[in-house]
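Working notes for the structure below.
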Amino acid sequence: MEKKRRFRKRYVAAVVFLVYVVMCQSCMTMKYSHKETVAYFAKSHVAYHDSTLVFGDRNIHYIETGDKTKPTLYFIHGSPGSWTAFETYLTDSLLLSKYRMVAFDRPGFGNSNYGDAENLPTQAARLSNAIAVLDNGQPCVLIGHSMGGPMVLKIASLHPDRYEEVVVLSGSVDPHAENPEKWRPVIATVPLRYLIPGAMRMSNDELWLLKTDLYGLQANLKKITSRVLIIHGTKDPLVPYENVAFMRRELENAKTLTVITIPNANHFIPWEHFDEIRDALFKIPL
């Protein structure tokens, strides 16, 4: 009888563990289903275009709103995330009066080959190719939050003449300000990586790669000649405010460099300080 009880306990524990592993891969994906996307825009009463660009075996998914003949704002989310990070911007009437807007799923997230993390240069090259395809001949602006910050700077360095302005929201750009986080490669190993829920697994992979990628990015910052707008909170616990000083120093060839400091703001300024950021985007001279 005692052996049977022990067997049952082990069996239950094994089943619970297996269910947890399966749920880990299906929860916290941080992306909308097609049905959820339709429902969101129906509620917002904003027309949108939901599409995917195919480059060989790689996909870049995006959502587009606004007049196709107007200047374009390209939004690039942080880690983890998807185009939904900027859903409120895509449906804002003030921004729609001036811009066409495109929000990407970065490679490895959302519906852009979900689950396959890639380093900063590779992602930037893929997104740069997507922007080239979507180009409508009008001025365009890059906007990136968190890891999207170094991403938009890398993209801008690839084609310095393509972008009127680059907007960095709480961007993690200074390699010396990054915490070592030596635990990341440990939990990236099998089987531990499969215990990380959803998009957090790819996030862990790419954030570890970012530690090295930022040193490579530093040398490219001098190639950027467009205007740069930096918006950062002074109480950001994830990306220290000292990143601002680093960008001021390294972006020496930017046409102009403007900093908007939000006192006591944390890392989540795109949502908690929407009005300030929306207004700053609307005022961009194009």
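The values are calculated or read from the model by the stated rules, or taken from the named source; none is laboratory data. These numbers were taken from a predicted model, which means no experiment stands behind them. Reconstructed Cβ throughout: ideal geometry from the backbone, glycine too, with neighbour counts over all protein chains shown. These accessible areas exclude ligands, DNA and RNA; they are computed on the full protein's heavy atoms, side chains included. Shrake-Rupley method; radii C 1.70, N 1.55, O 1.52, S 1.80 Å.
Side notes on the structure shown:
- Accessible surface calculations at 1.4 Å, restricted to protein heavy atoms, place region 208-275 at 49 Å² per residue.
- Net charge contributed by nearby residues that have their C-beta within less than 14 Å of residue 223 (K/R +1, D/E -1): +1
- Span from the region 238-278 Cα centroid across to the region 85-162 one, whole angstrom: 18 Å
- With θ taken as phi - 60° and the Karplus curve 6.51 cos²θ - 1.76 cosθ + 1.60 applied, the whole-hertz 3J(HN,Hα) list for region 63-73 is 10, 10, 9, x, 6, 5, 8, 9, x, 10, 9 Hz, x standing for glycine and proline.
- Distant-in-sequence amide contacts of residue 76, defined by a placed amide H-H separation under 5 Å and a gap of 5 or more residues or a different chain, comprise 143, 144, 145.
- Across the cross-link table entries 43/68; 68/98; 68/222; 70/223; 154/255; 154/235, which are compared at the Cα atoms, the separations over 20 Å belong to 43/68; 68/222; 70/223; 154/235.
- Environment charge of residue 128, counting only residues whose C-beta is closer than 10 Å and scoring Lys/Arg +1, Asp/Glu -1: +3
- Heavy-atom accessible surface of region 225-286: percent carbon and sulfur, 1.4 Å: 53 percent
- Entry comment: accessible area of region 40-121 is 35 Å² per residue, from protein heavy atoms only and a probe of 1.4 Å.
- Net charge of the neighbourhood of residue 157, taken over other residues with C-beta under 9 Å away and scored Lys/Arg +1, Asp/Glu -1, is +3.
- Accessible area of region 74-188 belonging to carbon and sulfur atoms, whole % at 1.4 Å probe: 47 percent
- Residue-wise HN-Hα coupling along region 265-276, computed from phi with Karplus coefficients 6.51, -1.76, 1.60 (Hz; x: Gly, Pro): 7, 8, 6, 9, 5, x, 9, 7, 10, 4, 4, 5
- Amide H contacts for residue 259 (H built 1.01 Å from N in the peptide plane; partners 5 or more residues away or on another chain; cut-off under 5 Å): 230.
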